[in-house]
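Below is one structure; the comments refer to it alone.
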Amino acid sequence: MTKPITPSQVGAAKATAIPHEVIRAFNELIAANCVNGRSVVKQSDVLDRMATLMRPAGFTDASEAARWRQSIFDVGYLNIEDLYRAAGWSVTYDKPGYNEPHYPATFTFSKP
């Protein structure tokens, strides 16, 4: 019989649900952008890196790329904060609000 997931099991279940290419994309960009124990990673860079890792042949047109990007948001593959917190990082996500000027959405990883 299947039982409900417990709060303590969520992290492990989520880690197995996110493809390794997503974690690899974040890891590579965290390492590339890390200065003095702090790394700021643009969401757009993560999506570009994921596209390279997950779709090496590329997209046939812009609408296919747009659908793929939307599917990444829909399934929650960018919701990695808790995974990296469990690995020892302090993680914040920032994006412009509805009435704020436009700026790139970012993940900031730092040593606690």
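Yes/no per residue for (1) surrounded by 15 or more Cβ atoms within 10 Å (Cβ to Cβ); (2) modelled with pLDDT of 90 or more; (3) among the acidic types (Asp, Glu); (4) over 12 Å from the mean Cα position of the chain (by Cα):
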| position | (1), (2), (3), (4) |
| --- | --- |
| Thr2 | no, no, no, yes |
| Val41 | yes, yes, no, no |
| Val46 | yes, yes, no, no |
| Thr52 | no, no, no, yes |
| Gly58 | no, no, no, yes |
| Gln70 | no, no, no, yes |
| Ser110 | no, yes, no, yes |
Qualifying residue in segment 81-91 (condition: out of contact with any Asp or Glu (no Cβ under 7 Å at 6 or more places or on another chain), of a type in the set (A, V, I, L, M) and surrounded by 15 or more Cβ atoms within 10 Å (Cβ to Cβ)): yes
Criterion violated by Ala32 - all others in (1) modelled with pLDDT of 95 or more; (2) assigned to a helix (DSSP H, G or I); (3) under 14 Å from the mean Cα position of the chain (by Cα) satisfied: (3)
Odd one out for Arg69, checked against (1) touching a residue at least 40 places away in the same chain (Cβ under 8 Å); (2) outside any loop (DSSP other than H, G, I, E, B): (1)
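Test Ser39 against the stated conditions and say whether it is touching a residue at least 40 places away in the same chain (Cβ under 8 Å), outside any helix (DSSP H, G or I) and not charged (D, E, K, R).
Values: touching a residue at least 40 places away in the same chain (Cβ under 8 Å): yes; outside any helix (DSSP H, G or I): yes; not charged (D, E, K, R): yes.
So Ser39 fits the description; yes.
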Breaking point among (1) assigned to a strand (DSSP E or B); (2) farther than 14 Å from Ile23 by Cβ; (3) under 12 Å from the mean Cα position of the chain (by Cα), for Val91: (2)
Segment 3-19 residues that are in a loop (DSSP other than H, G, I, E, B), paired with ones that are among the aliphatic types (A, V, I, L, M) and modelled with pLDDT under 75 (beta carbon under 8 Å, 6 or more apart): Ile5/Ala13
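The values are calculated or read from the model by the stated rules, or taken from the named source; none is laboratory data. All values reported here derive from a predicted model rather than from experimental measurement. Glycine also receives a Cβ, built like all others from the backbone with ideal geometry; neighbour counts cover every protein chain displayed.
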